[in-house]
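First the structure, in the form of structure tokens, and then the observations on it.
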Amino acid sequence: MAAAAAAVTVAGLAACSSSSNSGQASGPQTITVAVVNNPQMIDIQKLTPKGFTASHPNIKVKYVTLDENTLRDQVTKDVAAGGGQFDVVVADPPYDLTNDVLADVLTGLHRAGLLSPHADLVIERGRKSGPPEWPDPLEGVRTKKYGDTLLCYGRAP
């Protein structure tokens, strides 16, 4: 699967895809994660070996770190070219983005065919905004609170 992302009006975006086209490959796998070059994404990269890699030893995580404008431009080109589907989408929209607008963005990702089956979504929101209203057929999985921030986890069908 190719790495691709939706061109959405969000402040930060990361995408993840696997290097295997079958989805059922045996043996070691590599997933590629495109991230924005900011402190939060650097922290995630540092935590990966202890968390994800420790519990998934056959999956190597390869990070591609780009500045926000370069990543957004690349994502826009990939989407326009039909560049594939996401296994994981991480979005950091402005905290004051309304639930209706966020639902439209999430619906757009699904309708455009940009989400792999069972894709995971992580949406960062301000605690005051509350968790998103996950549009059908996407479903909320859990929400974690970190100070004034919520990380809201969802899944595609």
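The values are calculated or read from the model by the stated rules, or taken from the named source; none is laboratory data. Computed from a predicted model, the values in this text were never measured in an experiment. As a convention, Cβ positions derive from the backbone with ideal geometry for all residues, glycine included, and neighbour counts pool all protein chains shown.
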Out of region 82-91, which residues are more than 14 Å from the chain's Cα centre (by Cα) and either at pLDDT 75 or above or in a helix (DSSP H, G or I) (or both)? none
When you scan region 96-118, do you find a residue that is of a type in the set (Gly, Ala, Ser) and modelled with pLDDT of 90 or more, even just one? yes
Only listed residue being free of Cβ contacts under 8 Å to residues at least 24 places away in the same chain, among the basic types (Lys, Arg) and more than 25 Å from Pro28 (Cα to Cα), chosen from Arg111, Arg125: Arg111
Scanning region 127-139 for residues that are surrounded by 11 or more Cβ atoms within 10 Å (Cβ to Cβ), closer than 17 Å to Thr98 by Cα and not hydrophobic (A, V, I, L, M, F, W, C), the one modelled with the highest pLDDT turns out to be Pro135
Verdict on Val35 being surrounded by 14 or more Cβ atoms within 10 Å (Cβ to Cβ), β-branched (Val, Ile, Thr), over 30 Å from Lys128 (Cα atoms) and modelled with pLDDT of 75 or more: no
Gly140 passes all but one of the listed conditions (1) outside any strand (DSSP E or B); (2) farther than 30 Å from Gly27 by Cβ; the exception is number (1)
Of Tyr95, Tyr146, the only residue that is surrounded by 13 or more Cβ atoms within 10 Å (Cβ to Cβ) and of a type in the set (Phe, Trp, Tyr) is Tyr95
